[in-house]
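Asker: The structure's right below; bear with me while I get my questions together.
Bear in mind that the values in this text are calculations on the coordinates, not laboratory data. The model shown is predicted, which means the values in this text are computed figures rather than measured ones. Note: ideal-geometry Cβ built from the backbone for every residue, glycine included; neighbour counts use all protein chains shown.
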Amino acid sequence: MADFIERPSIASRIETPHPLRRLALSLPQMALVTGIVIRLWRSYTLTHGSSDSWAWVGGTFLVGVCLLFLMCAIHLANYSLRHWIWRAPLFAILESGAEILVSLALTTMNLEPLGAEMAELSDWLPTATRIMFWRLLGVGAFTGVLAIVVSVVRRLILAAEDRSHTARAVHRASTEQLTPPDTQEGAK
């Protein structure tokens, strides 16, 4: 009889994260959502806005760039800096891939704006190349600046908390691992 009674396990006690948290942790999902939203945003603003106003075009472009960088930062904030080296470029590739596919779908439905006209299939490959190049460049530059800012802020927080002894101990441990054993014996 005891075999039929469900015993609580550790797995049943662990809480599952909120759906938005799960989205932020998932690189493919975050990048795909970002790519789809940015391409639809671009298409909507170029077809329904005042395309002759530089303030409108610049403002909507700025909103799109801010959305891209915000989504990238939300994802990267869940991981350490050393994981950013591969996560940021992969985010840019997946995001631009999603954007390129949405662009292809909009182009085939004759809904993709290209300046004052609608894009044709012959315009798709140059547009796809441009999207991939600028996303990789933009996300790479943003991630580099963000990594510098995060490193500086972390050092300032450690210094403000007077945890310099922690930084010295970590530095000492890493240098001891790098020195040959003969040198360590002679130093004692």
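Asker: Take L158, L27 and order them by how many other Cβ atoms sit within 10 Å, fewest up front.
Answerer: So the ranking, lowest neighbour count to highest, is L158, L27.
Asker: With N residues in the range 28-179, what two-decimal value do you get for its Cα radius of gyration over 2.2 N^0.38 Å?
Answerer: For the range 28-179, the normalised Cα radius of gyration is 1.38.
Asker: Also, quick follow-up: Output ³J(HN,Hα) for the range 74-88: one whole-Hz value per residue in order, computed from phi by the Karplus curve 6.51 cos²θ - 1.76 cosθ + 1.60 with θ = phi - 60°, and x for Gly and Pro.
Answerer: With the stated coefficients, the range 74-88 comes to 4, 5, 5, 5, 7, 10, 6, 4, 5, 7, 5, 4, 9, 6, 5 Hz.
Asker: How large is the convex hull of the C-alpha atoms of the range 29-76 per residue, in Å³?
Answerer: Convex hull volume per residue, Cα atoms: 45 Å³.
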